[in-house]
1. Lys and Arg at +1, Asp and Glu at -1: add these up for the other residues within a Cβ distance under 13 Å of GLY101 and post the number.
2. Quick check: net charge around PRO124, other residues with Cβ under 14 Å of its Cβ, Lys/Arg +1 and Asp/Glu -1?
3. Taking 7 Å along the Cα-to-C-beta vector as the label spot, tell me the ARG103-HIS49 distance in nanometres, rounded to one decimal.
4. Counting Lys and Arg as +1 and Asp and Glu as -1, what is the net charge of the other residues whose Cβ lies under 11 Å from the Cβ of LYS45?
5. Assuming a ≥ b ≥ c are the square roots of the Cα gyration tensor eigenvalues, decide whether region 1-127 counts as rounded (a/c under 1.5), prolate (otherwise, with a/b larger than b/c) or oblate.
Amino acid sequence: HDGVQFYDISQIGWVHGLAWITNFASFLFLYPSVYNLKEVAAVEKPKIHLWETGIIRITRHPQYVGQTMWSAAHLAMVGTSFTALTTALLVGHHAFACWNGDRRLEAEHGENFLKIKERTSIIPFQAILDGRQTLPKDYYKELIRAPFVLIAVGSIGAYFAHPYMQAGAALAKNTGLVSGGILDPLFLELN
């Protein structure tokens, strides 16, 4: 909540609810889009995938869409200059990644990628609305995958854990890690 406070609508119930729903949906775009969470967590080196099923039917760059949703929800709730700058930088980074990702996919897969690019879009649902992409009747089966379940359960768990996270953050400010903390005497004796 640093920076100039432009507005503060965080205490309006429906705004909080809308921001939470937007954040929840954003994680469904952000993380399981690669279907290999080890790549997201940098446990494994990310690979260049050529898909047009699942979330890719909705948007060719789900991480960009998810980051934009997450950033917009946070900016709406916090309303500070710092959050506005952070939003611009995060969304700008992901916009660049759209261009770079398409460039890398074209370099790796050539004509095969260009065909998929024609049938998909960056803007969610645009290819479906334009008739370039058709959802099969059992489309939901493409989305019922372990990463989506993990993200849904983790997001709900993190929401309910927020009070504990906030308490932990407050404790960290009072442990001597920040000058003036309650444990300063202990750390001063060690120095």
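Quick note: the coordinates plus some simple rules give every number you see, no bench work behind them. This is a predicted model, so every value here is computed, not measured. We place every Cβ from the backbone using ideal geometry, glycine too, and count neighbours over all the protein chains shown.
1. +2
2. Overall, the nearby charge balance is +2.
3. Using points 7 Å along Cα→Cβ, the separation is 2.3 nm.
4. Values: positive: LYS38, LYS47; negative: GLU39, GLU44.
Every neighbour counted, the sum reads 0.
5. Working: a/c = 2.26, a/b = 2.07, b/c = 1.09.
Prolate, because a/c is 1.5 or more and a/b exceeds b/c.
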